[in-house]
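Every number here is computed from the coordinates shown, using simple stated rules; none is lab data. Everything numeric here is computed off the predicted structure, so don't read it as measured data. Here the Cβ positions follow ideal geometry from the backbone for every residue, glycine too, while neighbour counts run over all protein chains shown.
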Amino acid sequence: MVIDYIADIDYIVNDCGVTITTATSGEVKAIYDNPYIALTDDLISVASSERLLYCVSSDVTSLKVGDMVTIDNKNYKITHKEPDGTGLTILRVGER
């Protein structure tokens, strides 16, 4: 059921997430992820990581690409905003 799913998202984000600060939304809870990606073949190796914030969509409706968020006193710029239609939005952020 969608309502149960949204309640689960709220529970996970609010109880297990980090607090981010925004100019437009104030303090918001989010799950922070920084996955490491590596591709290797016989000639070349490429590695990267990307900061992701998983947020309850209703908490970040006023945020847009280009806005700044603060995590642990460090500023990041929102590079992509990806609502998934189920109540969850992924914010991709990069260093300022």
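Efficiency by 1/(1 + (r/R0)^6): what FRET value for Glu50 and Asn75, r their Cβ-Cβ distance, R0 = 22 Å, to the nearest 0.05? The computed FRET efficiency comes out at 0.85. Ordered by the count of other Cβ atoms within 10 Å of each Cβ, fewest first, Val93, Val46 give Val46, Val93. Near Ile90, once Lys and Arg are set to +1 and Asp and Glu to -1 for all other residues with Cβ below 10 Å from its Cβ, the sum equals -1. Taking other residues whose beta carbon is less than 12 angstrom from the beta carbon of Lys81, and scoring Lys, Arg as +1 and Asp, Glu as -1, yields 0.
Sequentially through the stretch 77-88, phi angles give Karplus couplings (6.51, -1.76, 1.60; θ = phi - 60°) of 9, 6, 9, 8, 10, 10, x, 9, x, 10, x, 10 Hz, Gly and Pro residues having no value and appearing as x.
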